[in-house]
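Below is one structure, written out as structure tokens; the observations come after it.
The values are calculated or read from the model by the stated rules, or taken from the named source; none is laboratory data. All values derive from a computational prediction rather than experimental measurement. Neighbour counts are summed over all protein chains in view; Cβ atoms, including those assigned to glycine, are modelled from backbone coordinates with ideal geometry.
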Amino acid sequence: MSHRLVIQLARLGDLLQTLPVIASLREWYPDEELDLLCAKPLISVGSCFPGIRQIFPWDGEEWRGIAKDWSQKKEMALFQAANYIQRCQAGSYSLAYNLNNHPRAMLASHLYASEVMGSGCYGPLSSRVPNWVKYLQIVGAHRGGNRVHLADAFCGICGVRPPTSIPMLKRADRKFPMGLSSFFSANGIRVALVIGSGDADRRIPLQMWDEWIRTFLTACPEGRILLVGGAGERELTHALLDRIPSLYLGRIWDACGQTSLPQLANILSHCDWVIGSDTGPLHLGVASGVKIQGFYFSRARVHETGPYGPGHWVWQAEMTSSQNEKYKAQNGQDRLEQNAKCNIQNNVEEGIHPESWPVQESVELLLTETCASIPEGWSLWESHHDEWGAHFVQYAESNREPGGYREQMWDMLNGRNVNWDSVHELMGLSVSSHVS
Amino acid sequence: MNIVQKNLKLLRVHDPILADRLKDVNGGVLKVLTAKNGMPTAQVHQQWIHSAYDPWKEAQAWAEHAVHEHRSGEALLTIGVGLLYHVEALTQILSKETQILVLVPDLGELLDVLTVRSLAGWGEQIQWLWGDAEDLADRVSQAYSRIRFVHHAPSAVLHEPYVRAFQYALRERVSSKQGGKLHVAVVGPIYGGSLSVTNHVVPALEALGHRVTWIDHSIHYPGYKNLERLRDQQLRMTMQSKFGDTLGVVSLAHIADDPPDLVLAMAQAPLSMPVLEQLRKKNVVTAMWFVENFRHLTYWQQVASGYDFWFVMQQEACIDALTHAGARQVTYLPLAANPAIHKPVTSCLEEHEEFGADVSFLGAGYPNRRQLLQTLLNQDWSFKLWGNEWENPGPLAVALQRNGARIDSETSVKIFNHTKVNINLHSFTGHGFDPDGDGINPRTFELAACGAFQIIDTRTLLSQHFDETMLAILQKPEDLVPTIQRYVYDTDERQGMAEASRQHVLAHHTYVHRMEALLGTVGLHMSDRIGEVLRGDRSTDALVAKSKGNPELIPMVNALPHSDRVELQDVAANIRAKGPTAVLSRDELLILMMDEYRQETRDFI
């Protein structure tokens, strides 16, 4: 039996999308012990991952301090750096799975393990990357008609297929913060709203939330709302609550900035729905077993980072006819037609910003799991899961996954010699957009 | 045995000569009074040296603050004696191993302490520095490699000239021992007199072996000048200010791109207070050499507290004004000459024809010059007037050369060399000589370095650098014509004095000397940072020596390139140069990881 290490140093959303690859590694290598290295602030989330023997924090602050010390006392800086790695059992792993295409993660991989899968597998200084990482680079740079979910691409990087079942977080902290027990004690639909977003570009306007809350609470007299978010979003929730008529206020609870991440996971697991645009908390909801309705706009795309597992819904912003006209004027009809041919409806570099919001429609979906009409500027997608991982089917449309995209892509990328022209063709990209 | 005898007995154990000397000294420097809490306190000229209420509590607070930046292994040199409460408080905070030195400018003051306060229990830890400032600087520079200064301001101020003399002497000793190489970013002005000084400072630093990044803003002068075409004065000033602000951010970008050990700004460098605050936040040491008359240009008031070190070409009044405005460390640093430029030259007949004269003056048309130089007309010697800002020259028009065009450095050297008697008259907006004239202009050093004879108006700081065997010094304006008459026909005496002044400048007053002194001051006050580099404590050999206590580190350190200065980015670059297929050791990976985070700390803007 050997010890293997999964390295994921990125943010909350990426860490939670690492759950499927850990589940898959456990399925494929049940006898191997698996440890996890993640960013220190997320250690409490990583501790809830099933199938992990030990978890180690990567402390960026400490490394910044060590680097600073170099200018003061070099021998001490080297000593501290060596000490840091020593504390984290450096060099004791037979294999490191590196999920970040970043020099720090590549260096950490080689410090911890004798062999590396993922970025850095050809050496810590090599710019050559494995097929799946290169594929993600193409998606990142050109987007295209990608249908492989990021969590499944992580599986590809690690040399395993997507997991057969959807992994959930272990319950760590079962206590509710003060004042929330009444939210959970009564019957009725419990909805958690993720009001803010770590990325300002993906923040839903307060006016939309105001309208959504009134619509939902009017349509569902038993319904209750819980506002969630980090401490930085407290002002936002205060501003929102100021707008809401007092007759609704007894049915709205505010937990913003009052919970740790494991506490938040526990709270979400007791809700019926989590709704919002910030993919980090949405993935936390998914991993806590709750249904999701996500609003994906700006550069967020359902096929890349939609909720993992069946039964979730994503509203994807699309170009309206007026935005389409503007885009055509700027980029030409050919580009638009090419995008349409490849089922790429929102391949706009700067991202799409909605002109209106599907308020009535999303409340209707929440209450009935149906939607009478899809407003212009949006498409609605339902999540599924099969042997090739997560996939999304457009609601009330025959817009199925084009031509077995994922199966073909897995075959191509797992082959010895990848024909990148074919990869581009399948993605609907011109061959000239190759990333060499 | 009374308290004095007990204290002298204690002193005798460590410094018997001092104990003997104190027997022959009279006290009474301090007026000793009783504080509200019953402890002795003191006044000098009705100024309190210690608290009138609780001198001990006050001293404890002072000591807490004073040791804040003290690092292990540094000797702590205390300036200011008073009743030594502050020194006793230091002994209570610091470990027994810390060397605490106390500078004693006046033994009478120390005797006053011994009369009222017991040294028992803490005085044994003190090393007393007393006697001639130069000898003392010799001893201290030899005995201690890392010194941290702490000033007890109320008592330090009592003996300022002695303290300054000691610090300058110590700086000289430390400067002469400098070996390590710094990276200095020199931020120059957009235009103006300090630009030419910057042109001398950069090669001087390089001549000392330091790596210099010159952030030269003079390349932006055409853009700045173009703004003068704006007719609306308010708009013009606003735009010029914004232009300066932008160049400040440009400076930050250059500094972030390749972070230096020290940012040396020259007068009029476009570094605003927000830029300086950002540099401090990023732990960058900053110094300003203010080569301007502080009475004429007053923008220093806005940025006094922004720099870690100020260097000025004037003394008392200037230092006081800057300190009052919030400057932390102000040091006198006069101008100098650049022997590569300012040197004796020979020239062809045509040049001799143009530049040759019995008497010449080169400089801008200030009122005092317009008045005094008229007396040189219609004499039995030839007189040429050079320089710009001579609009409406009046009778001086006959002497004005090149129509009052600006004269560059190269031409000025030719003028100095071809003139028998150079007049060096400091600028003044009134008549005659500036009654507050203290600092000496760069022309004094430049003329001397050229081996040119000069007559100069007296300045309070002139005698610190030159004497009458080198220059002809005027005490009053009326002496100008008789002094010229005395020297213009006496070639031997002129040449003898000129040569003496040239040798003196080459030995003591070049820009290389100034940069040595400047860096010596910074190194002395930043013993653990700049000082460590200057002492060569960051060389590979020094690192190996330091690692002796941790044998496992020696292979790591030995693997570093053997050079004067081991920098993370250089080491990392060496590792990366091994190529994409290289197999790296654990230590190499660690160094690359540290470098990844170092690059992040460069995020200045």
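Mind listing just one residue for me: the one in segment A:102-133 that is out of contact with any helix residue (DSSP H, G or I) (no Cβ under 8 Å at 6 or more places or on another chain) and touching a residue at least 60 places away in the same chain (Cβ under 8 Å) and, of those, surrounded by the most Cβ atoms within 10 Å (Cβ to Cβ)?
Only one residue tops the list, namely A:Ser109.
Inside segment A:148-168, can you point out the residues that are touching a residue at least 60 places away in the same chain (Cβ under 8 Å), small (Gly, Ala, Ser) and over 17 Å from A:His283 (Cα atoms)?
Result: A:Gly156, single match.
Test A:Ser119 against the stated conditions and say whether it is touching a Gly at 6+ places or on another chain (Cβ under 8 Å) and within 14 Å of chain B (Cβ to nearest Cβ).
So A:Ser119 does not fit the description; no.
Taking the conditions exactly as written (under 27 Å from B:Met593 (Cβ atoms), assigned to a loop (DSSP other than H, G, I, E, B) and within 14 Å of another protein chain (Cβ to nearest Cβ)), does A:Leu125 satisfy them or not? Full working, then the answer.
Numbers: under 27 Å from B:Met593 (Cβ atoms): yes; assigned to a loop (DSSP other than H, G, I, E, B): yes; within 14 Å of another protein chain (Cβ to nearest Cβ): yes.
When the stated conditions are applied, A:Leu125 passes them.
If you take just the helices (runs of 4 or more DSSP H) that sit entirely in segment A:203-282, which of them hold at least 2 residues that are closer than 24 Å to A:Ile352 by Cβ, over 19 Å from the mean Cα position of the chain (by Cα) and polar (S, T, N, Q)?
Per the criteria, A:206-219.
Would it be correct to say that B:Thr298 is hydroxyl-bearing (Ser, Thr, Tyr) and modelled with pLDDT of 90 or more?
no
What helices (runs of 4 or more DSSP H), lying completely within segment A:352-428, carry at least 3 residues that are of a type outside the set (A, V, I, L, M, F, W, C) and farther than 19 Å from A:Gln137 by Cα?
It comes to A:359-368.
Taking the residues in segment B:560-605 that are modelled with pLDDT under 80, part of a helix (DSSP H, G or I) and within 10 Å of chain A (Cβ to nearest Cβ) as candidates, determine which candidate is farthest from B:Val249 (Cα to Cα).
Checked segment B:560-605; the qualifying residue farthest from B:Val249 (Cα to Cα) is B:Val571.
Out of all the residues in segment A:57-90, which are at pLDDT below 75, more than 9 Å from chain B (Cβ to nearest Cβ) and within 17 Å of A:Leu37 (Cα to Cα)?
A:Asn83, A:Gln86, A:Arg87, A:Cys88, A:Gln89
Say we look at segment B:347-370 and pick out the residues that are in a loop (DSSP other than H, G, I, E, B) and free of Cβ contacts under 8 Å to residues at least 60 places away in the same chain; which of these is farthest from the chain's Cα centre (by Cα)?
Of the residues in segment B:347-370, the ones in a loop (DSSP other than H, G, I, E, B) are B:347-348, B:356, B:363-366.
Filter once more, so that each one left must be free of Cβ contacts under 8 Å to residues at least 60 places away in the same chain: B:348, B:365.
Working: B:Cys348: 40, B:Gly365: 30 Å.
Checking each candidate, the answer is B:Cys348.
Got at least one residue in segment B:149-168 being among the small types (Gly, Ala, Ser), touching a Phe, Trp or Tyr at 6+ places or on another chain (Cβ under 7 Å), touching a residue at least 60 places away in the same chain (Cβ under 8 Å) and farther than 16 Å from B:Val522 by Cα?
Scanning segment B:149-168, I find no residue that is among the small types (Gly, Ala, Ser), touching a Phe, Trp or Tyr at 6+ places or on another chain (Cβ under 7 Å), touching a residue at least 60 places away in the same chain (Cβ under 8 Å) and farther than 16 Å from B:Val522 by Cα, so the answer is no.
Of (1) at pLDDT 90 or above; (2) within 24 Å of B:Gln599 (Cα to Cα), B:Arg211 satisfies all except one. Which?
(1)
If a residue must be in contact with a strand residue (DSSP E or B) (Cβ under 6 Å, 6 or more places away or on another chain) and not in a loop (DSSP other than H, G, I, E, B), how many such residues does segment A:26-44 contain?
Final tally of qualifying residues: 9.
Is it the case that B:Tyr144 is among the aromatic types (Phe, Trp, Tyr), buried (at least 16 other Cβ atoms within 10 Å of the Cβ) and touching a strand residue (DSSP E or B) at 6+ places or on another chain (Cβ under 7 Å)?
Criteria met by B:Tyr144.
Looking at A:Gly145, is it free of Cβ contacts under 8 Å to residues at least 12 places away in the same chain, closer than 30 Å to A:Val393 by Cβ and not charged (D, E, K, R)? Talk me through it step by step, then tell me what you get.
Numbers: free of Cβ contacts under 8 Å to residues at least 12 places away in the same chain: no; closer than 30 Å to A:Val393 by Cβ: yes; not charged (D, E, K, R): yes.
No; evaluated as a whole, the condition is false for this residue.
Would you mind listing the helices (runs of 4 or more DSSP H) fully within segment B:101-176 where at least 2 residues are among the aromatic types (Phe, Trp, Tyr)?
Result: B:160-176.
Just one of (1) exposed (fewer than 15 other Cβ atoms within 10 Å of the Cβ); (2) in a loop (DSSP other than H, G, I, E, B) trips up B:Gln374, so point out which.
It fails just one condition, (2).
So B:Trp214 fits all but one of (1) assigned to a strand (DSSP E or B); (2) in contact (Cβ under 8 Å) with a residue 40 or more places away in the chain; what number is the exception?
B:Trp214 satisfies every listed condition except (2).
Does segment A:291-323 hold any residues that are crowded, with 24+ Cβ neighbours inside 10 Å, over 14 Å from the mean Cα position of the chain (by Cα) and part of a loop (DSSP other than H, G, I, E, B), and which are they?
None - no residue of segment A:291-323 is crowded, with 24+ Cβ neighbours inside 10 Å, over 14 Å from the mean Cα position of the chain (by Cα) and part of a loop (DSSP other than H, G, I, E, B), so the list stays empty.
Filter segment B:253-279 down to the residues that are out of contact with any Lys or Arg (no Cβ under 9 Å at 6 or more places or on another chain), farther than 18 Å from B:Tyr191 by Cα, outside any strand (DSSP E or B) and not charged (D, E, K, R) and list them by number.
Hits for segment B:253-279 are B:Ala253, B:His254, B:Met273, B:Pro274, B:Val275, B:Leu276, B:Gln278, B:Leu279.
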